[in-house]
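J.: Below is a structure I'd like to ask you about.
Only the coordinates and a few stated rules stand behind these numbers; no lab work does. Small disclaimer: the values here were computed from a predicted structure and weren't measured. As a convention, Cβ positions derive from the backbone with ideal geometry for all residues, glycine included, and neighbour counts pool all protein chains shown.
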Ligand code: SF4
């Protein structure tokens, strides 16, 4: 069973700040006004939880292998 995480960006919520792509260009790219995900699924990576927490729109959702929402964290 894969332990990979799933990364999703809500394009409607995304403000296009580009913060995620700046922090992790291996996983996110700014595509016009919205970010898109380049790498999904990904190996578990604590740094991606920090990026999701830092998104000003809370538009990045990280889901664990068991379906648990890992980030954004409250
Ligand atoms: S950090 Fe959030 S609001 Fe900014 S580009 Fe990425 S997904 Fe969009």
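J.: For the range 6-32, enumerate the residues that are more than 9 Å from the ligand (Cβ to nearest atom) and out of contact with any helix residue (DSSP H, G or I) (no Cβ under 8 Å at 6 or more places or on another chain). Show your work before the answer.
T.: Going through the range 6-32, the residues more than 9 Å from the ligand (Cβ to nearest atom) turn out to be 6-8, 12, 24-27, 29, 31-32.
Correct list: 6, 8, 12, 25, 26, 31, 32.
J.: Does the range 27-74 hold any residues that are under 19 Å from residue 3 (Cα atoms), part of a loop (DSSP other than H, G, I, E, B) and out of contact with any strand residue (DSSP E or B) (no Cβ under 8 Å at 6 or more places or on another chain), and which are they?
T.: Selection gives 66, 67, 68.
J.: Quick one: which of 21, 8 is in contact with a strand residue (DSSP E or B) (Cβ under 6 Å, 6 or more places away or on another chain), surrounded by 13 or more Cβ atoms within 10 Å (Cβ to Cβ) and outside any strand (DSSP E or B)?
T.: Checking each option against the conditions leaves just 21.
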